[in-house]
1. For segment B:229-295, what Kirkwood radius comes out of the mean inverse Cα-Cα distance, in Å?
2. With no solvent and one point on each alpha carbon, what is the Debye value of log10 I(q)/I(0) for segment B:214-267 at q = 0.15, 0.20, 0.21, 0.25 Å⁻¹?
3. Given points 7 Å out from each Cα along the Cα-Cβ axis, report the residue A:247 to residue A:234 separation in nanometres with one decimal.
4. Give or take rounding to whole Å, what are the principal axis extents of the alpha carbon atoms in the protein assembly as shown, in descending order?
5. Dipole of chain B, Cα-centred, from +1 at each Lys and Arg C-beta and -1 at each Asp and Glu C-beta, to the nearest 20 debye?
6. Segment B:1-117: percent of C-alpha pairs farther apart than 19 Å?
7. What shape does segment B:66-120 take by its C-alpha gyration tensor, where a ≥ b ≥ c are the square roots of the eigenvalues and a/c under 1.5 counts as rounded, a/b above b/c as prolate, and the rest as oblate?
8. With Rg and the Kirkwood Rh both taken from Cα atoms, where does Rg over Rh land for segment A:144-226?
Amino acid sequence: MNTYALTDSWTMTRRELAHWARQPVQVLVGLVFPVMLLLMFGFLIGGGRGVQGEYVDFLVPGMLALTMAFGLEGTMLQVTQDLNKGVIDRFRSMPMTNGAVLVGRCAADMLQSAIGLAVLIGVGYAIGWRAHAGAGEFLGAVGLLLLFRFAMLWIGIHLAMVAGKPEMVQAVQILVWPVGFLSNALATPETMPDWLGTVVEWNPMSQTATAVRELFGGPGGEAGHVWAAVVWPLALVAVFFPLAVRRFGRLSR
Amino acid sequence: MTEAIVIEGVRKRYGDKAALDGLDLTVGRGTVHGLLGPNGAGKTTAVRVLTTLLRPDAGRAEVAGYDVVRQADRVRRRIGLLGQHAALDEELGGRQNLELFGRLYHLGARRAGARADELLKRFGLADVGRKSVKQYSGGMRRRLDLAVSLITEPEVLFLDEPTTGLDPRGRAEVWSSVRSLVDSGTTVLLTTQYLEEADQLAHRISVVDHGRVIADGTADELKARTGGDRIDVVLRDAGQLGAAVALLPVPAEGVTVDADRRLISAPVTDRMKALAEVLRALDEAGIEAEDIALRRPTLDEVFLHLTGEDHRVKEAV
């Protein structure tokens, strides 16, 4: 840490924002993709297996959580790209705060996720979803989603540094899907075989989805999951943040 | 303090392979020093240690008077690095890159912007400054990379194979940029696989192999030790190779014969005289030559000569 830590982090965040300005289509696609999934599950595939009440009220919070989980892929891709280009050597051979590289990534990804949430919530409203909640609960739900995304962010950074090559990202991308769907995002565990239902209930993403449903006051919410939705992501961050930072420091070995 | 770079007994292992095996090197201030060696000789590892990207396992390295491990931050403030691969943000424009790195060098927004414009102009990139680096040619990219390395007018500049992958024009562009830098007093450490490049740019050359320096000196000194220029003669008839070798007016020592290519290669001291004599000798003996050429020794030959052992070096052409 030095006196420039904040300035450097801000400069690195601006770098990411400049990337958005250079590639508006890519940013747009990133925002549209979860919307597409939402509409697909809402109208094409949906039906809400085992859901009491409106499926859309169950689906939208689930999709919000799923989108946060999928954010991991984006983080990984960006980090591996940086690592594989000479540019990371440039950063590391400069008198800048080295951690600013990670902080910039973090800030940009969180901002993008927040925008993604806003878009998805807007589309959810348009297709008939309603939050039966006060402002405090609403913000609490958004906060839980972003906290979950924050955990995914550090897992993504760590995996990117372990995997190293962009080719490996593809493998992880494929794995994110079953892990994402092995949750209660789209269907309730009661409709699944027992063992599967257990796995699904233990999935940290399910905890976030359930807590968010509870806060939004829709079907599928259960009291007492908010704590789990706070503790799980924090535990993941507690594991993966130091791992990622240590890996980053080890680039000099 | 007259040395810009001091390396003493630096070692770095990767698994059971020693990338640097007790490297020693000193580079005087304001000079260009060439590190010449084949792929895997340890050149890049040496640069990575000196630019604080890699911690050495043993030994000591100082750049601009500061220890690369203990005083890494001070070293970083005084160096520029042009690596083998463009160290640029490819998505951003040229000017955005210069501004980004200028800010990260803590110039502040205004000075970073002004410096960006200045460098774009100096490196002939002013009209493409807004274009994304992805659209740049190899030579333009390299020039921008070099411009970024010079944002803070570094005391010591590291150029790691700066022209690998460039076409002749791009290569010439980089060479002329490096020359003008040297005129302004920057110390340069240049790694290269090309003898010609070291010859063109460096005041002194250290030949590196297996992670240590096996020879050093000026380009002329090294070339003299390697036997200087060579003459290559390709015969029409492979059956005459033996006869041709016997009558060639060159010292038999160092002559190599490649029967498959019908090629005789021999060291020469006086280029033009040797060429005339070889032509005359062949003509008088009625031996037909398909091709005759004078050339510099290849890196292969330098290594063969310096190490006296067979190196699996790819033809450096």
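1. Across segment B:229-295, the inverse of the average 1/r is 11.5 Å.
2. Taken in order of the listed q values, log10 I(q)/I(0) reads -0.49, -0.71, -0.75, -0.92.
3. Placing both labels 7 Å beyond Cα along the Cβ direction yields 2.5 nm.
4. Principal axes ranked by extent give 105, 56, 47 Å for the Cα atoms.
5. 1780
6. 55
7. Oblate, since a/c reaches 1.5 and b/c is not below a/b.
8. 1.04
Read-outs: derived from the displayed coordinates by stated rules, not from any lab. Just so it is clear, the structure is predicted and the values come from calculations on it, not from any experiment. Virtual Cβ from ideal backbone geometry, glycine too; neighbours counted across all protein chains shown.
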